[in-house]
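Read the structure below first, then the notes.
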Amino acid sequence: MFNDKISFKAVILAAGKGTRMKSSKPKVLHEIFSKPLLGWVVDAVNDIYPQSDTKSIVVVGCGAGEVEDYLKKYENVSCVLQKEQLGTGHAVSVAAEELKDFCGTVLITCGDTPLLKASTMRAMLEYHTEHNCDVTVMSAIFENPFGYGRIVRAQDGSIEGIVEQKDANEEQKVIKEINTGVYCLKWESVKNAFKELKNNNSQGEYYLTDIVGWAKEKNKKVLSFVIKNPDETLGINSRSQLACATLIMKNEKLEELMENGVSIVDTLSTSISPDTQIGADTIIYPNTYISGKNKIGSNCKIGPFSHFRGDVEVGDYSKVGNFVELKNAKIGSHTNVSHLSYVGDATLGSNVNIGAGTIFANYNSITKEKKRSTLKDGVSIGSNTVIVAPVELKENVFVGAGSVITKDVEENSLALCRTPQKEYPNWVIKQKNLLNKKGEE
């Protein structure tokens, strides 16, 4: 098995408009579990060899400004603009300037394939290197290949070319092996192809698929890497396909968690992001939705009707219960946030108890700032309390129900903030008498 890290650069094609999405948002910025499609792709590429300094070039076009803004979070990603969408071959030629001094493998993939795994791309890179290929095409076997380019093979089994659906004849349309749009290229061997591609097809576009025919003419070595799980290659071109990919991603994650000792009470109503880690013997109750990147410990109880919005850590033996929403929160071990509460931008220690209806007021809608609150070990919060950030409640603080906490509280203290209760005897009777008098008048 080839184990050494392979030096490569990735070109990610993300310039398409996505007309079938019927949206003003660029297609690659539509989300699954609160992460854009393009984010899933970039993260997968970065995870091929996590400790390496892999560089990705993203070809942007429609909605370029929005896409570039999103990609600013990645230090190892650069963008090139495809001003006119003249095909996938043209898109790679736009990226070629960034690769002019590069000698090595170029991995080409699409920005709308969120299910493609790092392990699959790693296996393809290693296959490409082991076989000393000039061009390696990732292919898949589809029972219904409609819409995909077909892999056309010669009698000896070698790849003869790739024919797009729009250009395929009736014989070619029944071929079930399809092109996934993922390639490995020995760049110094094939880079000249992008100066020679032709657009003599029904769309008048420069197809990346034509690089196979070009390579065959130049006696280059062309092989296919047949993917084991065709679902990984699903490209998103419509809302229906987006929903399908979300369901596949969800089910794969739930199966993985259950295999590793997590109990999912109801898989139909539970959704958990692949970016979430959960420890063994934790139970996830129905109607729980967990998006973003989170880490949940062992022996926890989550749900029913819990909502994690990302950047949440929950320690071992803790409970997050009915109708609780968490975001950017760190919760220690043996801590309970049992029902009807919002915990955002907060750090909760161990053995903390949050009463029903507790709200962490963390956001200033005028300044757009978020502040953080800290509750140390052993804090107990009474029901219907508001914690107004930024505050710190030190060890073993007890907050009475119905309080609004706006200042720090010292350890072992009782904190109360209530209007004194007043009682007005016979008030209801007096009000009814007044109404009766008015009615008589």
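For the range 16-35, check the following and say yes or no: at least one residue is of a type in the set (A, V, I, L, M) and in contact with a Cys (Cβ under 6 Å, 6 or more places away or on another chain). No, there is no match, as no residue in the range 16-35 is of a type in the set (A, V, I, L, M) and in contact with a Cys (Cβ under 6 Å, 6 or more places away or on another chain). For the range 318-337: of the residues being more than 17 Å from residue 379 (Cβ to Cβ) and open to solvent by 40 Å² or more (accessible area, probe 1.4 Å), which is farthest from the chain's Cα centre (by Cα)? Result: 322. Going by the conditions given, is residue 82 touching a residue at least 12 places away in the same chain (Cβ under 8 Å) and open to solvent by less than 20 Å² (accessible area, probe 1.4 Å)? When the stated conditions are applied, residue 82 passes them. Scanning the range 416-428 for residues that are assigned to a loop (DSSP other than H, G, I, E, B) and without any contact (Cβ under 8 Å) to a residue 12 or more places away in the chain returns 419, 420, 421, 422, 423, 424, 425, 426. Can we say residue 377 is in a strand (DSSP E or B), in contact (Cβ under 8 Å) with a residue 40 or more places away in the chain and not hydroxyl-bearing (Ser, Thr, Tyr)? No: the conditions fail for residue 377. In the range 146-159, the residues that are in contact (Cβ under 8 Å) with a residue 60 or more places away in the chain reach residues that are assigned to a loop (DSSP other than H, G, I, E, B) and open to solvent by less than 30 Å² (accessible area, probe 1.4 Å) with C-beta atoms within less than 9 angstrom, at least six apart or across chains, in these pairs: 149/168; 149/207; 149/209.
Candidates are the residues of the range 380-395 that are within 33 Å of the chain's Cα centre (by Cα) and in contact (Cβ under 8 Å) with a residue 24 or more places away in the chain; the one that is least open to solvent (accessible area, probe 1.4 Å) is 387.
Here residue 200 clears all of (1) polar (S, T, N, Q); (2) open to solvent by 70 Å² or more (accessible area, probe 1.4 Å); (3) in contact with a helix residue (DSSP H, G or I) (Cβ under 7 Å, 6 or more places away or on another chain) except the condition numbered (3).
Looking across the range 34-54 at every residue that is modelled with pLDDT under 95 and open to solvent by 20 Å² or more (accessible area, probe 1.4 Å), the one that is nearest to residue 102 (Cα to Cα) is identified as 53. Output yes when any residue across the range 176-196 is open to solvent by less than 40 Å² (accessible area, probe 1.4 Å) and assigned to a loop (DSSP other than H, G, I, E, B), and no when none is. Within the range 176-196 (the criterion being open to solvent by less than 40 Å² (accessible area, probe 1.4 Å) and assigned to a loop (DSSP other than H, G, I, E, B)), the answer is no, since none of the residues qualifies.
The criterion of being farther than 20 Å from residue 294 by Cβ, free of Cβ contacts under 8 Å to residues at least 24 places away in the same chain, open to solvent by 90 Å² or more (accessible area, probe 1.4 Å) and not in a loop (DSSP other than H, G, I, E, B) holds for residue 438. Of the residues making up the range 259-288, just one is buried (at least 19 other Cβ atoms within 10 Å of the Cβ) and more than 26 Å from residue 117 (Cβ to Cβ), namely 285. Which residues, counting only those in the range 203-214, are surrounded by 22 or more Cβ atoms within 10 Å (Cβ to Cβ) and not in a loop (DSSP other than H, G, I, E, B)? If the condition is that a residue be surrounded by 22 or more Cβ atoms within 10 Å (Cβ to Cβ) and not in a loop (DSSP other than H, G, I, E, B), then 210, 211, 212 are the ones that fit. Within the range 127-142, the set of residues being over 14 Å from residue 8 (Cβ atoms), open to solvent by less than 10 Å² (accessible area, probe 1.4 Å) and either of a type in the set (Gly, Ala, Ser) or part of a loop (DSSP other than H, G, I, E, B) (or both) comprises 139, 140.
Can you tell me which residue is surrounded by the most Cβ atoms within 10 Å (Cβ to Cβ) among those in the range 143-175 that are assigned to a loop (DSSP other than H, G, I, E, B) and of a type in the set (Val, Ile, Thr)? The extreme case among them is 175. When residues in the range 338-378 are screened for being open to solvent by 50 Å² or more (accessible area, probe 1.4 Å) and out of contact with any Pro (no Cβ under 9 Å at 6 or more places or on another chain), 15 of them pass. From 45, 28, grab the single residue that is in contact with a helix residue (DSSP H, G or I) (Cβ under 9 Å, 6 or more places away or on another chain) and over 25 Å from residue 308 (Cβ atoms). Every option except 45 fails the conditions. Inside the range 396-415, residues that are assigned to a loop (DSSP other than H, G, I, E, B) and either open to solvent by 100 Å² or more (accessible area, probe 1.4 Å) or of a type in the set (D, E, K, R) (or both) make up a count of 5.
The values are calculated or read from the model by the stated rules, or taken from the named source; none is laboratory data. Remember, it's a predicted structure, so these values are computed and weren't measured experimentally. Glycine also receives a Cβ, built like all others from the backbone with ideal geometry; neighbour counts cover every protein chain displayed. Accessible surface areas use protein heavy atoms only, side chains included; no ligands, DNA or RNA. Shrake-Rupley method; radii C 1.70, N 1.55, O 1.52, S 1.80 Å.
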